[in-house]
Amino acid sequence: MNTGIPGFETRQIDVADGVRLHTAVGGEGPAVVLLHGFPQTHLMWRHVAPALAGHHTVICPDLRGYGSSSKPEAVGEDTYSKRTMATDIVRLADTLGHDRFTLVGHDRGAHVAFRAGLDHPDRISHLAILDILPTLDTWNVLHGTSAVVAFHLYLMAQPPGLPEQMIAATADAFFGHFLDAWSASPDAIPADVRAAYLRASRNAVPSIVADYRATATIDVTHDQADLDAGNRLTMPVTVVQQDWGRHLGFDAAATWRPWTDDLQHFTTQAGHFMAEEAPEDITTLILDLMKR
């Protein structure tokens, strides 16, 4: 059973009242924080993290509500807002003694990283975003039948109750669907890792839904306020994503430009789980970003 990232130690680190992040830490040098996506845990970085650890302190937490991290009840819309989850990451870095760090996020972790870059620009030296658009833009590019590809966004945006019940009743089938449909290389997620992802996700249905529900509510409000105020990401930003723009009819690089002063945008032939399908490419992309 694959239980961790080779050569890394795991710690439970307090980041808020009643919230601890299960975190794998390895290496030594300038800090890089790697944030996982859905329906995954920090294990998605099992290839990239060791490759970076030769010259960097690499920090891989399970996000609030995921994996072995705390899963507080969503008592309000802020419990799983990306602003709150981004603050978790900054406090994690504080505890580990890092004033500034490179931040890399995939999928859900990329939404957290995006918010951290806007809210804490003095803390984030470089920012890498893997396979998302900003929350506000995600909703804006989904139109008509093309939105079917993002059915889960609409399901988990519904009021509390029914989404949680439906997903919990078929948890392995639901979460497994995304592991299958979004991968261009099925062998990239071996059976033991897949089992770990499914187990972690079935044990976190309420908090995962709460995370997604925030993306249809408070996260949109926060993005719109920043856009209206002209707030932009001030650090070097690298975005790599599948060519969703061609499929859904939008210019992905152009969609990102209003948000950043220093953008490099790439498309990949790998599937959504690119850190597992093309880890050498993602490692190189991160190292190149840190040279800017």
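The values are calculated or read from the model by the stated rules, or taken from the named source; none is laboratory data. Worth saying up front: this structure is predicted, and the values here are computed from it rather than measured. All Cβ positions, even for glycine, are placed from backbone atoms using ideal geometry, and neighbour counts span all protein chains on display. Protein only, heavy atoms only, side chains kept; ligands, DNA and RNA dropped before computing areas. Shrake-Rupley method; radii C 1.70, N 1.55, O 1.52, S 1.80 Å.
For this structure, a couple of remarks:
- Among the helices (runs of 4 or more DSSP H) confined to segment 160-230, the ones with at least 3 residues that are over 23 Å from Phe273 (Cα atoms) and modelled with pLDDT of 95 or more are located at 162-169, 218-229.
- Whether a residue is over 30 Å from Val75 (Cβ atoms), open to solvent by 70 Å² or more (accessible area, probe 1.4 Å), outside any strand (DSSP E or B) and not polar (S, T, N, Q) was assessed, and Arg257 passes this test.
- The set of residues from segment 98-149 being assigned to a helix (DSSP H, G or I), small (Gly, Ala, Ser) and either at positive phi or open to solvent by less than 10 Å² (accessible area, probe 1.4 Å) (or both) comprises Gly109, Ala110, Ala113, Ala116, Gly117, Gly144.
- Within segment 16-56, the set of residues being open to solvent by 10 Å² or more (accessible area, probe 1.4 Å) and part of a strand (DSSP E or B) comprises Ala16, Arg20, His22, Val25.
- Taken together, the criteria place Asp211 among residues that are open to solvent by less than 60 Å² (accessible area, probe 1.4 Å), among the acidic types (Asp, Glu) and either in contact with a strand residue (DSSP E or B) (Cβ under 7 Å, 6 or more places away or on another chain) or under 19 Å from Tyr66 (Cβ atoms) (or both).
- Only one entry of Leu179, Leu153, Leu198 meets the criterion of being surrounded by 14 or more Cβ atoms within 10 Å (Cβ to Cβ), in contact with a helix residue (DSSP H, G or I) (Cβ under 8 Å, 6 or more places away or on another chain), within 30 Å of Met235 (Cα to Cα) and of a type in the set (A, V, I, L, M, F, W, C), and that entry is Leu153.
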